[in-house]
1. Ala56 - would you say it is over 17 Å from Gly174 (Cα atoms), in a helix (DSSP H, G or I) and either β-branched (Val, Ile, Thr) or under 12 Å from the mean Cα position of the chain (by Cα) (or both)?
2. Does Ile92 meet the test of being aliphatic (A, V, I, L, M) and under 18 Å from Leu147 (Cα atoms)?
3. Residue by residue through the stretch 80-93, note down the ones that are surrounded by 13 or more Cβ atoms within 10 Å (Cβ to Cβ), of a type outside the set (D, E, K, R) and not in a strand (DSSP E or B).
4. How many residues are in contact (Cβ under 8 Å) with a residue 40 or more places away in the chain and in a loop (DSSP other than H, G, I, E, B) when one looks only at the stretch 132-183?
5. Taking the stretch 96-124 as the search range and keeping residues that are more than 8 Å from the chain's Cα centre (by Cα) and closer than 16 Å to Ile67 by Cβ, which one is surrounded by the most Cβ atoms within 10 Å (Cβ to Cβ)?
6. Go through (1) crowded, with 21+ Cβ neighbours inside 10 Å; (2) of a type in the set (Ser, Thr, Tyr); (3) in contact with a strand residue (DSSP E or B) (Cβ under 6 Å, 6 or more places away or on another chain) and name the single condition Ser148 misses.
7. Hey, can you tell me all the residues within the stretch 65-79 that are in contact with a helix residue (DSSP H, G or I) (Cβ under 8 Å, 6 or more places away or on another chain) and assigned to a helix (DSSP H, G or I)?
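The values are calculated or read from the model by the stated rules, or taken from the named source; none is laboratory data. Given the structure is predicted, the values throughout are model-derived calculations rather than measurements. No Cβ is skipped: glycine too gets one built from the backbone with ideal geometry, and neighbour counts run over all protein chains shown.
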Amino acid sequence: MTFLYDLKLLLSKILNLIHKAFYMYAWDYWTLAAVIFIISLGFLLLKHFMKRNKKAFQIIALTAFFIYVAMVIYTTVIRRSSDESTAGLSLIPFYSYKMIRDGNTEKTREIIMNVAFFIPIGFLYCLIDTRKINYKKWPIIAFSAALSLLIEIVQFIFKLGWVETDDIIHNTLGCCLGILLYILLDYMTFNERDF
């Protein structure tokens, strides 16, 4: 019994460390930007070094995409607890900006983090299959908007936080920035056009 208890305790500590590492809302902006940039660049370099084995790289990119989407769902829905005092609804688009104008500095941080949270979704999507997907970006933009909407609906139903139209807008913007980051870094790094 002590072995199972120790194993459960170890797994709990590992999951807690992973959560702390991926809890972006606690990071400062520069750390967040550096982590996103370094990981994105790392994926593009991996793509370059695995260019002879494209199938294996696509499996890696697809796996990373699904793991990240699962992490987003875990962080925004599963890990949260229901609390009526912090639950609410705001369907007015761009209402966050009025709150910022009124002096709410935490809202600025929340907007930046909502945008940053979905950057990897757009970026990883572009890595999956560069020949077929890169010319059609709208499916991932629609997917990120639908995922964000689903998260907001679940949060509203189970009272898991403040539900805002702005969150959907900022998450979708983050996906678009992830696509732009991919295009920019792909252009700047090694690619087949350079050879």
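1. So Ala56 does not fit the description; no.
2. Taking the combined requirement at face value, the residue does not satisfy it.
3. Across the stretch 80-93, the qualifying residue is only Ala87.
4. Residues that pass the stated criteria total 5.
5. Phe123
6. Failed condition: (3).
7. The answer is Phe65, Tyr68, Val69, Met71, Val72, Ile73, Thr75, Thr76, Val77.
For every residue, the table says whether it meets (1) assigned to a helix (DSSP H, G or I); (2) at pLDDT below 80; (3) surrounded by fewer than 10 Cβ atoms within 10 Å (Cβ to Cβ).
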| residue | (1), (2), (3) |
| --- | --- |
| Phe3 | yes, yes, yes |
| Asp6 | yes, yes, no |
| Leu11 | yes, yes, no |
| Asn16 | yes, yes, no |
| Thr31 | yes, yes, no |
| Leu41 | yes, no, no |
| Leu44 | yes, no, no |
| Lys47 | yes, no, no |
